[in-house]
Amino acid sequence: MAEAELDRSARSDAGVADPWPTGAVFGARGLEIAGVSAADLAARHGTPLLVVDEDDFRSRCRAAAAAWPRAFFAVKAFPAYAAIRIAMEEGLDLLASTGGEVEACLRAGAPGERVSLHGNDKSAEELELAVREGLGLVVLDNSEEVARLSERARAAGTVRDVLVRVVPEILADTHEAIATGHEASKFGVPLLEAVGVARAAAEAEGLRFAGIHAHVGSQLLDAEVFLREAEVLVGLLARLRDEAGLVAELLDLGGGFGITYTDERPVPIAELGLAVRERVGDACARRGLAVPTVAAEPGRSLIGPAAVTLYSVGTVKTAAGRRLVAVDGGMSDNPRPVLYDARYEVALASSRRGAAVEPATIVGRHCESGDVLAEGVLLPADLARGDVLAFAATGAYTYSMASNYNRVGRPAVLAVRVGETRRWLRREDAGDLERLETSEHRREPDASVPPGISIRPARPRDARSFLEFWRAIVEEGGHVRSESVRHPPRVYRARFRRAWTGREAQIVAADGERVVGHVFIQRDDHPITRHVATLGIAVAADLRGKGVGTALMSEALRWARSSGVEKVVLSVYPGNTAAIALYRRFGFVQEGRLAGHSRKSYGYEDEILMATWLGGER
Ligand SMILES: *Cc1c(COP(=O)(O)O)cnc(C)c1O
């Protein structure tokens, strides 16, 4: 049974709905996407993993650009820079629902004029952003917004093109949380008031009335909804002309085009675009109106079907007769099943063993009984820990709605294209989750110096032993920036003559005459950053884990406090977990990550920037 279900060509011959990306193939190597094995991707990049079939996404963007005279990618469906760039390359403009999404579009390289901003409660900052960045369109939600945007555009001496969002008063057959076109919707102006608001916009200084906008809802499968919407809105265009003498150049019908999650059969976009444009043309002809430019705003239908999520199977158990399969993700990476009762098609991505299939319930790892990703899906009876499962059509409103619930990081996102893999988004790690924390509640650890070891400022005669110590650290590779020892002993002799000054401290851990650890801390010279010092620390391999690092760190921070330093910063390689643990104990938190900042002989390495405030944050 599973065999038949996963045979994609049989499925298309039989005219059965298919939620998998066009580049997905189920074969002897399990699931492959654009020629890349899903199980290999999972092994190499970890799970959960979102894998985008880039060519599929691109061709959906091209199809949308061809189907509509003007099309916008609703970036809220997946606001990664890579996705935004691809949509632009394929000829789409961009629709942002917040200032944050506008920023993402601009940072991804979009010129302001290709971005349209909507939203039912735009903040002052968002309206200012729209004016400052010269956004191509602002979709006004209500009459108050006419005044608020006009005031800002006038002050800036510019004119912004605006659409007036109306409630088309159409009830769509979709989940109520994503139906937006009904009378009680919080979005837009009621039809009866639309002419008045449009007139106000047309008369307001700093605004140019460009047309009408509506959006009925999301995941709509019935073409009739869009045709009715077109009728209603053309009726409004006639009233605009008759009652206010206004011409709407643009008729923006919004997005909401449904996709196949399991067995849904959406109307192909080319067909739908044609039907809607014909309907607009006919309705305009009946009323003697010039045909406006018809625009659409697809989000889900572009990125949704182009991506799959890979999970690793963990615990498999039976509870009350149901087979429960736990995977290493859940409502944090895909809240849609919990929010909208969304259903997904699930398949084994690892190569098949040919076992019989049985129903399974796929549960996530979160502390919620409701954390169920899929119910009653047919999967091999011998499914076991380590198997990789694929969820189809998870590109839209998964990552963009993801959370850090239970302090779980967001998954990595990769795109595959003709056998090649590109990283879109790095996996969120513990450091990322920490970057909003402050350091003020940390207590420093006790620093009892290990027996036989002394912690003291370096002396000139330590130079030779220090160099031996330092050479060994450098040769270990991977922990410090240096890959060779460049300076002769005399350089260190000179440095160690001034080992404890108001500007810096060079502190060693010594076992008799042998240097076994070293910390260097130096404050910034610039008057504005003189409260900051930078620190570097190393401990001989045979003395790690014995408290030498802790003792050196305490001494360095003692120097810092006595010198009036308030903040200490350092950089560390992500793989140096022992050092990171040491820094954490002293209240250091990650403040940033410098991608590829070190160019080592073996390749580029990221550096993590960590910092602590001495005596609490400002
Ligand atoms: C969300 C939204 C869209 C995109 O909806 P999809 O269902 O992803 O196509 C388009 N327009 C507006 C105004 C939206 O709010």
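Structure notes:
- Residues of the range 301-334 that turn out to be within 16 Å of the ligand (Cβ to nearest atom) and either open to solvent by 10 Å² or more (accessible area, probe 1.4 Å) or part of a loop (DSSP other than H, G, I, E, B) (or both), as a count: 5
Rundown of residues vs (1) under 24 Å from residue 193 (Cα atoms); (2) among the basic types (Lys, Arg); (3) touching a strand residue (DSSP E or B) at 6+ places or on another chain (Cβ under 9 Å), yes/no style:
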{"position": "123", "(1), (2), (3)": "yes, no, no"}
{"position": "126", "(1), (2), (3)": "no, no, yes"}
{"position": "129", "(1), (2), (3)": "no, no, yes"}
{"position": "137", "(1), (2), (3)": "yes, no, yes"}
{"position": "142", "(1), (2), (3)": "yes, no, yes"}
{"position": "146", "(1), (2), (3)": "yes, no, yes"}
{"position": "157", "(1), (2), (3)": "no, no, no"}
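- Meets criteria (in a helix (DSSP H, G or I), open to solvent by 80 Å² or more (accessible area, probe 1.4 Å) and not aliphatic (A, V, I, L, M)) for residue 423: no
- Residue in the range 415-423 that is of a type in the set (A, V, I, L, M, F, W, C), over 30 Å from residue 362 (Cβ atoms) and assigned by TED's automatic domain parsing to the domain that holds residue 583 present: no
- Count of the range 258-269 residues which are within 16 Å of the ligand (Cβ to nearest atom) and either exposed (fewer than 14 other Cβ atoms within 10 Å of the Cβ) or on the phi > 0 side of the Ramachandran plot (or both): 1
- Within the range 490-514, residues that are loosely packed, with under 14 Cβ neighbours inside 10 Å reach partners that are assigned to a loop (DSSP other than H, G, I, E, B) with beta carbons closer than 6 Å, at six or more positions or on different chains, in the pairs 502/563.
- Residue in the range 569-582 that is surrounded by fewer than 17 Cβ atoms within 10 Å (Cβ to Cβ), among the polar types (S, T, N, Q) and assigned by TED's automatic domain parsing to the domain that holds residue 601 present: yes
- Every residue from the range 139-170 that is open to solvent by 20 Å² or more (accessible area, probe 1.4 Å) and more than 32 Å from the chain's Cα centre (by Cα): 143, 144, 147, 151, 154, 155, 156, 157, 158, 159, 169
- Set 220, 251: member being closer than 19 Å to residue 289 by Cβ and either touching a residue at least 40 places away in the same chain (Cβ under 8 Å) or within 14 Å of the ligand (Cβ to nearest atom) (or both): 251
- Hey, residue 393 open to solvent by less than 20 Å² (accessible area, probe 1.4 Å) and at positive phi or not: yes
- Filtering the range 19-41 to residues that are touching a Pro at 6+ places or on another chain (Cβ under 9 Å) and either open to solvent by less than 70 Å² (accessible area, probe 1.4 Å) or over 24 Å from residue 80 (Cβ atoms) (or both) leaves 19, 20, 21, 33, 34.
- With respect to the stated conditions, residue 212 fails to be open to solvent by less than 10 Å² (accessible area, probe 1.4 Å), part of a loop (DSSP other than H, G, I, E, B) and within 14 Å of the ligand (Cβ to nearest atom).
- Note on the range 424-436: residues that are more than 22 Å from residue 576 (Cβ to Cβ) and touching a residue at least 24 places away in the same chain (Cβ under 8 Å) total 2.
- Top-ranked residue of the range 97-117 - restricted to ones that are in contact with a strand residue (DSSP E or B) (Cβ under 7 Å, 6 or more places away or on another chain), in contact (Cβ under 8 Å) with a residue 24 or more places away in the chain and open to solvent by less than 20 Å² (accessible area, probe 1.4 Å), ranked as nearest to the ligand (Cβ to nearest atom): 116
- When residue 276 is tested against (1) touching a residue at least 60 places away in the same chain (Cβ under 8 Å); (2) under 24 Å from residue 88 (Cβ atoms), just one condition goes unmet, and that condition is (1).
- When the range 23-61 is filtered for residues that are without any contact (Cβ under 8 Å) to a residue 40 or more places away in the chain and among the polar types (S, T, N, Q), the ones remaining, listed by number, are 37, 59.
- Qualifying residue in the range 346-357 (condition: outside the structural domain of residue 281 (by TED's automatic domain parsing), open to solvent by 30 Å² or more (accessible area, probe 1.4 Å) and within 21 Å of the chain's Cα centre (by Cα)): no
- For residue 161: the one exception among (1) away from the ligand (no atom under 16 Å from the Cβ); (2) assigned to a helix (DSSP H, G or I): (2)
- When the range 591-601 is limited to residues that are touching a residue at least 40 places away in the same chain (Cβ under 8 Å) and closer than 14 Å to residue 480 by Cα, the one that is surrounded by the most Cβ atoms within 10 Å (Cβ to Cβ) turns out to be 598.
- Scanning the range 120-142 for residues that are within 16 Å of the ligand (Cβ to nearest atom) and either farther than 13 Å from residue 95 by Cα or at pLDDT below 95 (or both) gives 120, 121, 122, 126, 140, 141, 142.
- Any hit, the range 539-562, residues being under 37 Å from the mean Cα position of the chain (by Cα), closer than 24 Å to residue 604 by Cβ and not hydroxyl-bearing (Ser, Thr, Tyr): no
- Residues (away from the ligand (no atom under 16 Å from the Cβ), open to solvent by 10 Å² or more (accessible area, probe 1.4 Å), within 23 Å of the chain's Cα centre (by Cα) and not charged (D, E, K, R)) located in the range 46-83: 46, 47, 48, 59, 81, 82
- Restricting attention to the range 271-293 and to residues that are within 16 Å of the ligand (Cβ to nearest atom) and surrounded by fewer than 22 Cβ atoms within 10 Å (Cβ to Cβ), the residue that is nearest to residue 39 (Cα to Cα) turns out to be 272.
The values are calculated or read from the model by the stated rules, or taken from the named source; none is laboratory data. All values derive from a computational prediction rather than experimental measurement. A quick note on method: Cβ atoms are made from the backbone with ideal geometry, for glycine too, and the neighbour counts reach across all protein chains shown. The area values use the complete protein model at the heavy-atom level, side chains included, leaving out ligands, DNA and RNA. Shrake-Rupley method; radii C 1.70, N 1.55, O 1.52, S 1.80 Å.
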